[in-house]
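The values are calculated or read from the model by the stated rules, or taken from the named source; none is laboratory data. Just so you know, these numbers come straight off a predicted model, no measurement behind them. Cβ coordinates were reconstructed from backbone atoms using ideal geometry, including for glycine residues, and neighbour counts include every protein chain displayed.
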Amino acid sequence: MKLPVYFISHGGGPWPYIPAMQASNATLAASLADIPKQLNDKPKAILMVSAHWETRGAFGVTTHPQPPMLYDYYGFPEHTYQIQYPAPGSPELAQRVQELLTGAGLPTSADAARGFDHGAFVPAFVMYPEADVPMIQLSIDAGYDPALHLALGRALAPLREEGVLILGSGLSYHNLRQIYGGGSAASAQFDAWLQQVLLHSPPEQRGALLERWEAAPAARLAHPREDHLIPLMVAAGAAENEDVTCIYHESQAFAGITASSFRFG
């Protein structure tokens, strides 16, 4: 069975581990927890494309069989720097990913040391709190070329029929300077464009529209640096020409920000 692909807005920092942040992220949590229910069976493994891992020149693939933790956030309670998400890695999947990328002419490199960053372990914890699904990470390229990441998704597409759940983890709006004041209008305008492109535009035109995302209303106000948008390109490429569903949408996320997540296929 071919698995769907997801682009998820992963929220801010280690929010599932902070009681004061859980209530404000309840809708996001429910959407993430529902993803396993949308699948007939538990996936064999997760391939996580996190906005929080960038490489240049080659796409990095984690190969550690028991990945460590990477606490790549600042200013949170002390206990959030002791979090453990002990999902195993999958050297076998890492090798398969590298084979697919090499076959598509995309440079790749193995990283045997890198652990799970919060763009990976935070949503994975909400989806699979028992940490019983192997997970590896794949980096995005620091050049942020949309066409390159759409091509990356196309190269990964065969994994969907091999029991691998591909997750692009970012945020549909990511302007930290305005996220708690001033970002409401920009996030709503950009989100409306995303909804139109993903849900209502002809699927065969989707890739070209995403490549030109900077022409969208409020594009650079929503993403002054597009690291959190690029995982969407990977998801779109992996399920090219397939139907898209919005699985999470809030107009009052954080402090009045509009945010969304999407399922492809």
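May I ask you to list the residues in region 1-31 that are assigned to a helix (DSSP H, G or I), within 17 Å of GLY168 (Cα to Cα) and in contact with a Gly (Cβ under 9 Å, 6 or more places away or on another chain)?
Hits for region 1-31 are LEU28, ALA29.
Tell me, which residue of region 77-125 that is among the β-branched types (Val, Ile, Thr) and more than 18 Å from the chain's Cα centre (by Cα) is nearest to LEU167 (Cα to Cα)?
Taking the candidates together, the pick is THR108.
Do we find a residue being crowded, with 17+ Cβ neighbours inside 10 Å, at pLDDT 95 or above, closer than 21 Å to ASP141 by Cβ and not aromatic (Phe, Trp, Tyr) anywhere in region 68-80?
yes
Is it true that some residue in region 74-93 is in contact (Cβ under 8 Å) with a residue 24 or more places away in the chain, out of contact with any strand residue (DSSP E or B) (no Cβ under 8 Å at 6 or more places or on another chain), aromatic (Phe, Trp, Tyr) and not in a strand (DSSP E or B)?
yes
Restricting attention to region 153-190, which residues are assigned to a helix (DSSP H, G or I), under 30 Å from GLU99 (Cβ atoms) and hydrophobic (A, V, I, L, M, F, W, C)?
ALA155, LEU156, ALA157, LEU159
Taking the conditions exactly as written (of a type in the set (Lys, Arg) and either touching a strand residue (DSSP E or B) at 6+ places or on another chain (Cβ under 7 Å) or part of a strand (DSSP E or B) (or both)), does ARG206 satisfy them or not?
So ARG206 fails the test.
If a residue must be surrounded by 20 or more Cβ atoms within 10 Å (Cβ to Cβ) and not aliphatic (A, V, I, L, M), how many such residues does region 208-226 contain?
Qualifying residue count, region 208-226: 3.
Within region 165-190, which residues are surrounded by fewer than 24 Cβ atoms within 10 Å (Cβ to Cβ) and out of contact with any Phe, Trp or Tyr (no Cβ under 7 Å at 6 or more places or on another chain)?
HIS174, ASN175, LEU176, ARG177, GLN178, GLY181, GLY182, SER184, ALA185, ALA186, ALA188, GLN189
Results for (1) over 28 Å from VAL61 (Cβ atoms); (2) in contact with a helix residue (DSSP H, G or I) (Cβ under 6 Å, 6 or more places away or on another chain); (3) free of Cβ contacts under 8 Å to residues at least 24 places away in the same chain, shown as yes or no for each residue.
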site: MET1; (1), (2), (3): no, no, no
site: SER9; (1), (2), (3): no, no, no
site: GLN22; (1), (2), (3): yes, no, yes
site: ALA26; (1), (2), (3): yes, no, yes
site: ALA29; (1), (2), (3): yes, yes, no
site: LEU32; (1), (2), (3): no, yes, no
site: LYS44; (1), (2), (3): no, no, no
site: LEU47; (1), (2), (3): no, no, no
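Answer yes if at least one residue in region 141-155 is out of contact with any Asp or Glu (no Cβ under 9 Å at 6 or more places or on another chain), crowded, with 23+ Cβ neighbours inside 10 Å, at pLDDT 95 or above and under 14 Å from ILE230 (Cβ atoms), and no otherwise.
No, region 141-155 contains no residue that is out of contact with any Asp or Glu (no Cβ under 9 Å at 6 or more places or on another chain), crowded, with 23+ Cβ neighbours inside 10 Å, at pLDDT 95 or above and under 14 Å from ILE230 (Cβ atoms).
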